[in-house]
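See below for the structure under consideration.
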Amino acid sequence: MTKDKASELGTEILSYCGRCKIPLNHLIHSVTKTGKPDRCECQTCGALHKYRNPDKPVKPRGKAGPKKEKVSIETLWKEAVAAAGENATPYAMSGNFAEGELMDHSTFGKGVVQTLINHTKIKVIFQDAEKILVQNR
Ligand SMILES: [Zn+2]
């Protein structure tokens, strides 16, 4: 038998207790219109308070910072290019690149060396992707 997930008055639910500072069993005293627990009573300290999802840590008061958007590779690339300066070295497999160096690749365009993987491999960020290129060949 499948039980409706809607919370019922008087049933026990795990809620974060602001007084006990830990998730504890609470008795549901009221539910919201959407069937979610609203007020509940801590079975440990007896406090009556709003239900708090125990899985979500309580956020500190005040405004939450702006939502972190996923930084696109293009944004990273732009920043890297801006930081790398003006002079792009034309890419060649025989080249020897340094971290942070700006390069000009015949296919991918401008790129900035992100990591020196080893003597012959470098990771370079281009406008739409990071690529592993060879050097010192
Ligand atoms: Zn409590």
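The number of residues in region 36-57 being outside any strand (DSSP E or B) and over 30 Å from the mean Cα position of the chain (by Cα) comes to 5.
Note on region 24-44: residues that are modelled with pLDDT of 95 or more, more than 10 Å from the ligand (Cβ to nearest atom) and closer than 15 Å to Asp55 by Cα total 0. Considering only region 99-126, state which residues are at pLDDT 95 or above, under 14 Å from Asn136 (Cα atoms) and in a loop (DSSP other than H, G, I, E, B). Selection gives Thr120 alone.
Taken over region 9-57, the criterion of being out of contact with any strand residue (DSSP E or B) (no Cβ under 7 Å at 6 or more places or on another chain) and of a type in the set (D, E, K, R) is satisfied by Lys21, Lys33, Lys36, Asp55, Lys56.
The values are calculated or read from the model by the stated rules, or taken from the named source; none is laboratory data. Not measured: the values here are computed from a predicted model. All Cβ positions, even for glycine, are placed from backbone atoms using ideal geometry, and neighbour counts span all protein chains on display.
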